[in-house]
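Peer 1: One structure coming up, written as structure tokens, with questions to follow.
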Amino acid sequence: MRSWPGWISSRRQRGGAARGGAGREFAYELLQAIAPQDENALQAGLAQLVEAELLYQRGRPPRARYMFKHALIQDAAYASLLKSTRQQVHQQIAQVLEARFPALVETQPELVAQHYTAASGYEQAVHYWQRAGQQASDRSAHLEAISHFTTGIELLKSLPETPAWTQHALTLHIALGAAVQMAKGLAAPEVEHAYTQAYALCRQVGRRQNLPLSCMACTDSMQYGSSCTRRARSETCCYAWCNVPTSPRSRSSPTMRLG
């Protein structure tokens with residue numbers, strides 16, 4: 001694009017990478033924390049982009065916010081980067097958000113999850129997708145919660161299976177089952193699938209010896225009765241088997257936060 005200043009179009013300059021990777025709208029404070037230029041050079045470069053009408057600006061640094069005029073402009077900046085550079089930038093952004101923007105991380109964990117996912121930091125990403133799903137469930141945004149929990153489960157497939165992995169997978173499947181149940185009803189086949197996966201994970205955790213006799217009988221009898229009954233039993237027994245704490249809310253929407 002001929003209107004791009006040379007310093008942003010060059011792959012050797014990380015400032016363009018930071019802007020492209022930060023998203024269509026970004027805060028000056030975030031860009032300042034990850035861009036390689038000093039403050040004067042950064043502000044001059046941003047002013048060039050605003051003057052060229054590639055960026056919109058609201059406020060003044062250090063409180064300014066910027067937005068690419070068109071998504072295609074951001075896409076062009078992002079696509080020009082090597083994959084390794086993109087991952088580095090996303091990793092930096094996620095770490096800066098954690099260190100300097102805790103309030104934003106608390107209210108929008110999906111933002112950090114997206115950056116860690118793009119950086120291939122799947123272990124951290126799974127944690128934040130689970131948090132994002134939990135928050136969505138808490139405000140009854142069940143379809144959003146399903147999306148977040150499902151993303152976390154998919155990313156787990158890229159990680160080695162360890163005891164911690166099993167516990168995370170169990171947490172996510174129970175939470176997913178609850179979200180699907182709230183969104184589509186107990187009879188939805190996705191509910192049975194989620195709780196069946198959770199039940200299998202419960203067996204891997206291996207706490208059967210701690211089960212009360214009533215719950216052991218319940219787990220052994222899951223093969224009988226209607227599918228809805230099996231799902232309800234599966235949900236109940238996963239909690240008892242794995243010592244998942246329950247609350248009045250979690251009895252109707254069984255979710256659990258990752259530590």
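No lab work stands behind these numbers, since they all come straight from the coordinates. Remember, predicted model here, so these are calculated numbers, not experimental data. As a convention, Cβ positions derive from the backbone with ideal geometry for all residues, glycine included, and neighbour counts pool all protein chains shown.
Peer 1: Starting from the Cα-Cα distance between E25 and R65, subtract it from 0.36 nm times their residue separation and give me the gain in nm to one decimal.
Peer 2: Contour length minus Cα-Cα distance gives 13.7 nm.
Peer 1: Sticking with the crude label model, points 7 Å out along Cα→Cβ, report the distance from K157 to S120 in nm, one decimal please.
Peer 2: Modelled inter-label distance: 1.8 nm.
Peer 1: Here is a follow-up. Expected output is a single nm value to one decimal: the length gained when fully extending between D75 and L143, i.e. 0.36 nm times separation in residues minus the C-alpha distance. What is it?
Peer 2: 21.7 nm
Peer 1: Taking 7 Å along the Cα-to-C-beta vector as the label spot, tell me the T85-R203 distance in nanometres, rounded to one decimal.
Peer 2: With each label point 7 Å from Cα toward Cβ, the separation is 5.0 nm.
Peer 1: Can you sort F101, F26 from fewest to most other Cβ atoms within 10 Å of each residue's own Cβ?
Peer 2: Ranked by crowding around the Cβ, least crowded first: F101, F26.
Peer 1: On to the next question. Can you list the trypsin sites (Lys or Arg not before Pro) in region 40-135 that are in a DSSP coil and have 13 or fewer other beta carbons within 10 angstrom?
Peer 2: R63
Peer 1: So which aspartates and glutamates can K83 reach, going by Cα to Cα under 14 Å and dropping same-chain residues fewer than 8 places off?
Peer 2: Reachable aspartates and glutamates: D75.
Peer 1: Between R58 and A164, take the C-beta separation as r, use R0 = 45 Å, and let me know the FRET efficiency to the nearest 0.05.
Peer 2: 0.60
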